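Student: My questions will all concern the structure given below.
The values are calculated or read from the model by the stated rules, or taken from the named source; none is laboratory data. Bear in mind the structure is a predicted one, so any value in this text is a computation, not a measurement. When we count neighbours, we look across all protein chains shown, and the Cβ atoms used for this are built from the backbone with ideal geometry, even at glycine. With ligands, DNA and RNA removed, areas are computed over all heavy atoms of the protein, side chains included. Shrake-Rupley method; radii C 1.70, N 1.55, O 1.52, S 1.80 Å.
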Amino acid sequence: MTDSYFKLESPITFKGEAGDGILSYRHYDPDEVVMGKRMEDHLRFAVCYWHNFVWPGTDPFGGQTFERPWFGDDMAAARHKADVAFEMFSALGVPYFCFHDFDVRPEGASFAESRRNLEEITDYFSKKMEQTGLKLLWGTANLFSHRRFMAGAATNPDPDVVAYSAATVKSCIDATHRLGGENYVLWGGREGYETLLNTRIGQEMDQLGRFLNMVVEYKHRIGFTGTILIEPKPQEPTKHQYDHDVATVYGFLKRYGLEDEVRVNIEQGHAILAGHSFEHELALAYDLGIFGSIDMNRNDYQSGWDTDQFPNDVAEVALAYYQILKGGGFSTGGTNFDAKLRRQSIDPQDLLAAHVGGMDVCARALKAAAAMLEDGTLEAALDERYAGWKSGLGMDILNGTHDLESLAAHVQDTGLKPQPVSGRQEILEAVINRFV
Ligand code: XUL
Ligand code: CO
């Protein structure tokens with residue numbers, strides 16, 4: 001066990017108005033009951049390994065800015081990193097964490113060595129989880145950093161790379177299963193293309209369809225009961241990614257017979273990159289029956305890139321949690337902070353404060369969303385707008401009683417003249433303003 005990295009004088013707890021929102025919570029009280037459930041059980045916060053403990057602060061023009069005592073590529077460094085990671089998870093009081101294989105273990109000289117390294121760290125995690133009560137929200141494989149994946153993992157033109165990717169995913173599902181992970185995520189960072197001049201889209205989609213079916217078959221064979229999640233993203237690092245957005249992923253799942261087996265992990269920044277709002281992606285996923293989990297962050301709206309910043313806009317996050325509460329909340333999913341510090345934020349305290357600030361934003365947003373739902377004005381307006389579908393003509397159209405000819409006859413016989421009705425957008429937006 002390494003010395004304390006954060007050197008906190010007292011644990012980070014809820015202090016309400018007396019809190020500073022930096023090293024104590026002003027709004028996140030895990031035990032506060034919102035709509036009949038503890039806030040901790042609603043939000044199910046997770047801290048990610050990669051941005052916090054692996055990313056060195058590089059950008060396309062600059063090198064490392066963070067100097068972390070655990071940076072290194074041997075097992076001793078991996079254990080040191082785990083010590084600090086669990087110190088931070090516990091200090092923040094979050095219930096969950098998430099990781100990629102690449103985040104937690106050094107790359108071996110062979111596949112077998114990489115797998116052994118992962119197994120050793122999995123054992124180390126297992127002990128720490130027992131000691132701290134921390135749980136694993138999800139595990140995943142990094143199939144995008146190493147150069148072997150530069151032309152894709154499951155969608156690589158070379159079957160050898162697809163086999164290597166399958167072996168890697170197997171070892172990551174094994175680790176996730178062993179640690180009681182509640183989900184397993186696949187984000188297709190290289191599952192796309194740079195140019196159609198060297199790419200057959202149909203061939204690559206079939207590869208991805210078969211790959212995902214192998215994942216689902218394996219999950220059932222070993223009795224892993226977690227949810228398999230795809231994380232949509234339209235581009236970056238590739239010019240075009242196949243799991244573009246929720247609608248695209250749904251079409252893909254249907255085509256390969258996976259719509260009842262796989263759900264989505266929706267990230268705020270990815271939704272924005274796809275030209276959607278976060279709440280659009282959430283509402284659609286719930287309506288399609290494939291909502292799983294969220295990666296919480298925000299993009300910079302001027303730079304137009306995936307900046308993975310911590311959330312700071314309560315109104316925006318409230319609209320997201322409004323959709324989540326309306327859809328029935330999380331089941332196996334949760335709120336994973338897939339967010340990183342700015343590269344100038346080099347102090348240990350910045351790591352803690354970023355999460356405290358983000359968690360307070362989410363807590364305020366959740367409470368605002370619950371108040372919006374409990375107030376009922378927005379739902380009542382929707383019920384009124386769609387009331388015509390509950391009976392009579394609307395119901396008959398939906399249930400197939402009518403066809404084009406019968407509707408034409410109906411319009412002609414009754415002299416039907418539809419009357420435009422206000423969409424009341426400004427009024428509804430004013431209602432939101434009462435709660436945030
Ligand atoms: C990349 C991204 C990943 C996934 C996990 O944009 O969001 O960190 O969440 O591979
Ligand atoms: Co993500």
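Student: Can you tell me which condition Pro234 does not meet? The list is (1) within 17 Å of Ala141 (Cα to Cα); (2) within 16 Å of the chain's Cα centre (by Cα); (3) within 13 Å of ligand 1 (Cβ to nearest atom), and all the others hold.
Tutor: (1)
Student: If you don't mind, another one. Which condition from (1) within 16 Å of ligand 1 (Cβ to nearest atom); (2) assigned to a loop (DSSP other than H, G, I, E, B) is the one that Ser293 breaks?
Tutor: (2)
Student: Taking the range 49-80 on its own, how many of its residues are more than 16 Å from ligand 1 (Cβ to nearest atom), surrounded by 15 or more Cβ atoms within 10 Å (Cβ to Cβ) and not in a loop (DSSP other than H, G, I, E, B)?
Tutor: 5
Student: Continuing with this model, one more query. Could you list, in sequence order, the residues of the range 183-226 that are open to solvent by less than 20 Å² (accessible area, probe 1.4 Å) and within 16 Å of ligand 2 (Cβ to nearest atom)?
Tutor: Asn183, Tyr184, Val185, Gly188, Gly189, Glu191, Gly192
Student: Among (1) closer than 24 Å to Ala368 by Cβ; (2) out of contact with any Pro (no Cβ under 9 Å at 6 or more places or on another chain); (3) within 16 Å of ligand 1 (Cβ to nearest atom), there is one condition His270 misses while meeting the rest; what is its number?
Tutor: (2)
Student: I'm trying to understand the selection: among the residues of the range 143-182, which are in a loop (DSSP other than H, G, I, E, B), aliphatic (A, V, I, L, M) and open to solvent by 10 Å² or more (accessible area, probe 1.4 Å)? Write out each step before concluding.
Tutor: In the first step, residues of the range 143-182 are kept if they are in a loop (DSSP other than H, G, I, E, B); the result is 143-146, 150-158, 179-182.
When the remaining residues are screened for being aliphatic (A, V, I, L, M), the result is 143, 150-151, 153-154, 179.
Those that are in a loop (DSSP other than H, G, I, E, B), aliphatic (A, V, I, L, M) and open to solvent by 10 Å² or more (accessible area, probe 1.4 Å): Leu143, Met150, Ala151, Leu179.
Student: What are the pairs, 6+ residues apart or on separate chains, where a residue within the range 177-202 that is of a type in the set (A, V, I, L, M, F, W, C) and away from ligand 1 (no atom under 11 Å from the Cβ) has its Cβ under 6 Å from a residue that is open to solvent by less than 20 Å² (accessible area, probe 1.4 Å) and assigned to a strand (DSSP E or B)?
Tutor: Leu179/Leu136
Student: Of the conditions (1) open to solvent by less than 10 Å² (accessible area, probe 1.4 Å); (2) within 13 Å of ligand 2 (Cβ to nearest atom); (3) not basic (Lys, Arg), Leu282 clears all except one; give me its number.
Tutor: With (1) open to solvent by less than 10 Å² (accessible area, probe 1.4 Å); (2) within 13 Å of ligand 2 (Cβ to nearest atom); (3) not basic (Lys, Arg) applied to Leu282, the lone miss is (2).
Student: Checking the structure you have, find out if any residue of the range 90-108 is touching a helix residue (DSSP H, G or I) at 6+ places or on another chain (Cβ under 7 Å), assigned by TED's automatic domain parsing to the domain that holds Trp187, open to solvent by 20 Å² or more (accessible area, probe 1.4 Å) and among the acidic types (Asp, Glu).
Tutor: There is at least one residue in the range 90-108 that is touching a helix residue (DSSP H, G or I) at 6+ places or on another chain (Cβ under 7 Å), assigned by TED's automatic domain parsing to the domain that holds Trp187, open to solvent by 20 Å² or more (accessible area, probe 1.4 Å) and among the acidic types (Asp, Glu).
Student: Right, here's the next one. Please find, within the range 1-48, the residue that is most open to solvent (accessible area, probe 1.4 Å) out of those that are in a strand (DSSP E or B) and touching a residue at least 60 places away in the same chain (Cβ under 8 Å).
Tutor: The selected residue is Lys37.
Student: Among the numbered criteria (1) open to solvent by less than 30 Å² (accessible area, probe 1.4 Å); (2) in a helix (DSSP H, G or I), which one does Leu229 miss?
Tutor: Answer for Leu229: the failing condition is (2).
Student: Same structure again: Considering Asp20, Asp41, which residue is among the acidic types (Asp, Glu), out of contact with any Leu (no Cβ under 8 Å at 6 or more places or on another chain) and outside the structural domain of Arg105 (by TED's automatic domain parsing)? Step through it out loud before you land on a result.
Tutor: On the way: Asp41 fails: outside the structural domain of Arg105 (by TED's automatic domain parsing).
So the residue among Asp20, Asp41 that is among the acidic types (Asp, Glu), out of contact with any Leu (no Cβ under 8 Å at 6 or more places or on another chain) and outside the structural domain of Arg105 (by TED's automatic domain parsing) is Asp20.
Student: Something else about it: Do we have any residue at all in the range 297-306 that's on the phi < 0 side of the Ramachandran plot, of a type in the set (A, V, I, L, M, F, W, C) and away from ligand 2 (no atom under 16 Å from the Cβ)?
Tutor: no
Student: Do you know which residues across the range 285-310 are open to solvent by less than 40 Å² (accessible area, probe 1.4 Å) and either aromatic (Phe, Trp, Tyr) or not assigned by TED's automatic domain parsing to the domain that holds Asp338 (or both)?
Tutor: Within the range 285-310, Phe291, Phe310 qualify.
Student: Can you confirm whether Glu107 is part of a loop (DSSP other than H, G, I, E, B) and either within 27 Å of Gly188 (Cβ to Cβ) or within 16 Å of ligand 1 (Cβ to nearest atom) (or both)?
Tutor: Yes.
Student: Are any residues in the range 251-271 of a type in the set (Phe, Trp, Tyr) and surrounded by 21 or more Cβ atoms within 10 Å (Cβ to Cβ), and if so, which ones? Walk me through it before giving the result.
Tutor: Narrowing the range 251-271 to residues of a type in the set (Phe, Trp, Tyr): 252, 256.
The answer is Phe252, and nothing else.
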